[in-house]
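A.B. asks: Could you have a look at this structure, given as structure tokens, before my questions?
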Amino acid sequence: MVRLAPCKPAVAKFTGTSRKRIARVVAGLFFPQSQSLGIDRSGYSPALQAKITFAGANHTSYAKAEQSLHALAELDVSDKQTRRVCKAIGAERVAQRDAEVAAYQALPLVQRKRKPPGVTAPALAAVGVDGGRLQIFERGATAAARAAAAAPEEIQDDVPLVEGVASSPTDRSAKLHWREDKIGLLLTMTGESHAVDPCPEIPASFVNPHWIGELAKQLSHGAAVRDAPGPMPPEGAAREPPEGAAAQAEWQPPEVATKHLVATRRRWEAFGPMVATQAWALGFFEASRRCFLGDGAETNWTLWRQYFSSFVPILDFIHALSYVFHAAMAGRTREVGWATYERWIRWVWSGLVERTIAELAERQAELGVPAEDAKATSAAKVVARALGYLQNHQDRMRYAEYRRQGLPIVSSYVESAVKQFNYRVKGTEKFWRETGAEEILQLRADYLSDGEPMAQFWQRRQASETGQPRHRRAA
């Protein structure tokens with residue numbers, strides 16, 4: 001019988017090396033190339049995020065952005081994913097903008113009225129501000145709370161949860177949802193100054209009954225719109241200047257060289273420093289010629305007094321024209337009213353607004369002071385409104401002098417910009433939360449501005465990427 005020796009337990013010997021083993025689930029959280037590739041753990045590369053953000057900010061909705069990404073870039077990115085990317089990038093841009101505003105406000109006053117080192121001041125700088133419209137609706141907020149949260153001037157008569165997701169509020173409370181977004185437009189322009197007014201005679205379009213009649217329907221100011229007298233001249237036909245007037249010259253307004261936009265849902269007190277910060281960064285405060293354009297809203301001119309008092313203030317000529325037209329036609333026959341309008345608007349164009357104000361005062365004396373309960377369309381009230389408007393803005397209506405200096409006299413530039421923002425954010429079926437509105441407005445401003453601010457943003461962002469998740473600080 002053979003006896004076997006007992007087996008000794010095996011002893012592991014460590015050689016100093018071992019096979020590398022990777023926990024696959026954990027490895028996915030720490031992709032070693034994240035930092036070098038600039039990936040921020042969102043699941044999308046920087047180039048892909050740029051495409052998604054562009055589509056989300058420049059289409060009428062995130063759903064349209066999804067369709068465009070699929071059709072043009074063969075990318076299957078849902079509208080919800082597009083919204084998430086736009087919100088994240090928009091929040092970063094809002095934070096960067098706020099940091100720039102804080103840094104500007106921390107500067108001494110003297111430096112705030114100069115320009116940054118290395119920036120060349122433009123020869124002609126123009127700033128314009130205006131307001132657009134969008135709907136705000138916060139989940140769980142009562143109608144009373146929403147009304148209390150809105151500034152009184154922001155509750156409009158004429159507004160997402162998450163866009164395209166939340167149901168619309170009831171029609172009864174719809175008025176509470178319309179809010180104002182503030183738009184600032186900063187233009188560098190090219191145009192020559194002159195020794196005398198280069199266009200002393202008013203252009204034919206401003207005394208064209210057909211065109212003025214259509215314009216009056218858009219800017220009624222509560223007045224009843226009356227047709228201008230016929231027969232109408234052919235479109236584009238020139239009218240003879242009054243006897244003794246100089247031969248009509250063609251008006252050549254300054255041309256836009258570059259445009260830069262600022263947009264926010266915040267109050268005017270916060271909006272002003274945003275516009276001033278952008279103007280400072282562009283060197284506007286040291287431009288040889290600079291002007292500030294706006295309509296008659298007091299918020300515009302409060303902002304001008306606080307931040308742009310060294311800029312020539314200019315009341316939009318079209319708004320002035322509309323008040324003059326309605327006052328001239330109020331309580332008069334078509335023929336008499338039109339003749340009065342032509343006389344008054346020629347004076348306004350020539351910078352002689354005092355003459356128009358004097359005749360308006362005489363007309364007001366004829367009609368009497370309107371009663372408090374008088375209809376907005378009554379002749380006395382229309383004339384009183386126009387008289388007050390021209391008196392309040394008389395010092396901003398020196399149009400002949402503005403043309404001599406080569407300055408713009410209409411605010412159509414900023415009004416066009418407002419429409420470009422409305423294209424994205426305004427709609428009867430579009431409802432935004434405050435944070436979402438602020439983020440998309442910032443992105444829209446970036447993409448509408450010259451200088452490719454978003455291209456610069458992506459370069460800086462990729463260079464500073466750590467490869468780790470981005471965590472938002474609690475509010």
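The values are calculated or read from the model by the stated rules, or taken from the named source; none is laboratory data. The structure displayed is predicted, hence computed values, not measured ones. Positions of Cβ are generated from backbone atoms using ideal geometry, with glycine treated the same way; all protein chains shown enter the neighbour counts.
A.B. asks: Determine which member of the set Ala216, Ala223, Ala228 is touching a Phe, Trp or Tyr at 6+ places or on another chain (Cβ under 7 Å), surrounded by 18 or more Cβ atoms within 10 Å (Cβ to Cβ), part of a loop (DSSP other than H, G, I, E, B) and modelled with pLDDT under 75.
C.D. replies: Working: Ala216 fails: part of a loop (DSSP other than H, G, I, E, B); Ala223 fails: touching a Phe, Trp or Tyr at 6+ places or on another chain (Cβ under 7 Å).
Ala228 is the lone residue from the list that is touching a Phe, Trp or Tyr at 6+ places or on another chain (Cβ under 7 Å), surrounded by 18 or more Cβ atoms within 10 Å (Cβ to Cβ), part of a loop (DSSP other than H, G, I, E, B) and modelled with pLDDT under 75.
A.B. asks: Quick check on Thr258: is it under 16 Å from Leu124 (Cα atoms), modelled with pLDDT of 95 or more, among the polar types (S, T, N, Q) and surrounded by fewer than 19 Cβ atoms within 10 Å (Cβ to Cβ)? Write out each step before concluding.
C.D. replies: Details: under 16 Å from Leu124 (Cα atoms): yes; modelled with pLDDT of 95 or more: yes; among the polar types (S, T, N, Q): yes; surrounded by fewer than 19 Cβ atoms within 10 Å (Cβ to Cβ): yes.
The answer is yes for Thr258.
A.B. asks: If you don't mind, there's one more thing I want to ask. Under 27 Å from Gly436 (Cα atoms), loosely packed, with under 13 Cβ neighbours inside 10 Å and at pLDDT 70 or above: does that describe Glu269?
C.D. replies: Values: under 27 Å from Gly436 (Cα atoms): yes; loosely packed, with under 13 Cβ neighbours inside 10 Å: yes; at pLDDT 70 or above: yes.
Considered against the rule, which asks whether it is under 27 Å from Gly436 (Cα atoms), loosely packed, with under 13 Cβ neighbours inside 10 Å and at pLDDT 70 or above, Glu269 comes out as yes.
A.B. asks: Another question about this same structure. All but one of (1) at pLDDT below 95; (2) surrounded by 24 or more Cβ atoms within 10 Å (Cβ to Cβ) hold for Val425, so report the exception by its number.
C.D. replies: Just one mismatch for Val425, condition (1).
A.B. asks: Sort out which residues of region 344-374 are assigned to a helix (DSSP H, G or I) and either over 16 Å from Tyr399 (Cβ atoms) or at pLDDT below 95 (or both), and write them in order of number.
C.D. replies: As a first pass, look at region 344-374 and keep what is assigned to a helix (DSSP H, G or I): 344-349, 353-367.
Scanning region 344-374 gives Ala358, Glu359, Leu360, Ala361, Glu362, Arg363, Gln364, Ala365, Glu366, Leu367.
A.B. asks: Ok, one more. All but one of (1) of a type in the set (A, V, I, L, M, F, W, C); (2) at pLDDT below 95; (3) within 34 Å of the chain's Cα centre (by Cα) hold for Ala400, so report the exception by its number.
C.D. replies: (2)
A.B. asks: With respect to the numbered conditions (1) hydroxyl-bearing (Ser, Thr, Tyr); (2) closer than 30 Å to Gly283 by Cβ; (3) not in a helix (DSSP H, G or I), which one is the sole condition not fulfilled by Tyr104?
C.D. replies: Going through (1) hydroxyl-bearing (Ser, Thr, Tyr); (2) closer than 30 Å to Gly283 by Cβ; (3) not in a helix (DSSP H, G or I) one by one, Tyr104 breaks only (3).
A.B. asks: Moving to a separate point now. Considering each of Asp98, Asp79 in turn, give the residue that is of a type in the set (Asp, Glu) and more than 30 Å from Leu282 (Cβ to Cβ). Outline the logic, then answer.
C.D. replies: Numbers: Asp98 fails: more than 30 Å from Leu282 (Cβ to Cβ).
On inspection, the qualifying residue turns out to be Asp79.
A.B. asks: Only one of (1) farther than 23 Å from Lys419 by Cα; (2) surrounded by 18 or more Cβ atoms within 10 Å (Cβ to Cβ); (3) among the acidic types (Asp, Glu) fails for Glu286. Which number is that?
C.D. replies: Only one criterion in (1) farther than 23 Å from Lys419 by Cα; (2) surrounded by 18 or more Cβ atoms within 10 Å (Cβ to Cβ); (3) among the acidic types (Asp, Glu) is unmet by Glu286, namely (2).
A.B. asks: Among (1) modelled with pLDDT of 55 or more; (2) part of a loop (DSSP other than H, G, I, E, B); (3) surrounded by 11 or more Cβ atoms within 10 Å (Cβ to Cβ), there is one condition Thr15 misses while meeting the rest; what is its number?
C.D. replies: (3)
A.B. asks: Taking only region 375-419 into account, find how many residues are outside any helix (DSSP H, G or I) and in contact with a helix residue (DSSP H, G or I) (Cβ under 9 Å, 6 or more places away or on another chain). Explain how you work it out, then say what you get.
C.D. replies: Here is the first cut: in region 375-419, the ones outside any helix (DSSP H, G or I) are 375-378, 393, 397-398, 405-411.
Then keep just the ones that are in contact with a helix residue (DSSP H, G or I) (Cβ under 9 Å, 6 or more places away or on another chain); that gives 375-376, 378, 393, 397-398, 407-411.
Adding up the residues that qualify gives 11.
A.B. asks: Further question: How many residues does region 270-302 hold that are assigned to a helix (DSSP H, G or I) and within 21 Å of Gly388 (Cβ to Cβ)? Break it down into steps so the answer makes sense when it comes.
C.D. replies: Step one: list which residues in region 270-302 are assigned to a helix (DSSP H, G or I), which gives 270-281, 284-286, 298-302.
Keeping just the survivors that are within 21 Å of Gly388 (Cβ to Cβ) gives 298-302.
So the count comes out to 5.
A.B. asks: Still on this model: Please go through region 316-340 and pick out each residue that is within 13 Å of Val383 (Cβ to Cβ) and assigned to a helix (DSSP H, G or I). It would help to see each step written out before you state the result.
C.D. replies: Just the residues of region 316-340 that are within 13 Å of Val383 (Cβ to Cβ), to begin with: 323-332, 337, 340.
Listed by number, the residues that qualify are Tyr323, Val324, Phe325, His326, Ala327, Ala328, Met329, Gly337, Thr340.
A.B. asks: Of all residues in region 62-80, which are polar (S, T, N, Q) and surrounded by 20 or more Cβ atoms within 10 Å (Cβ to Cβ)? Lay out the reasoning, then the answer.
C.D. replies: The first filter runs over region 62-80 and keeps only residues polar (S, T, N, Q), leaving 67-68, 78.
Scanning region 62-80 gives no hits.
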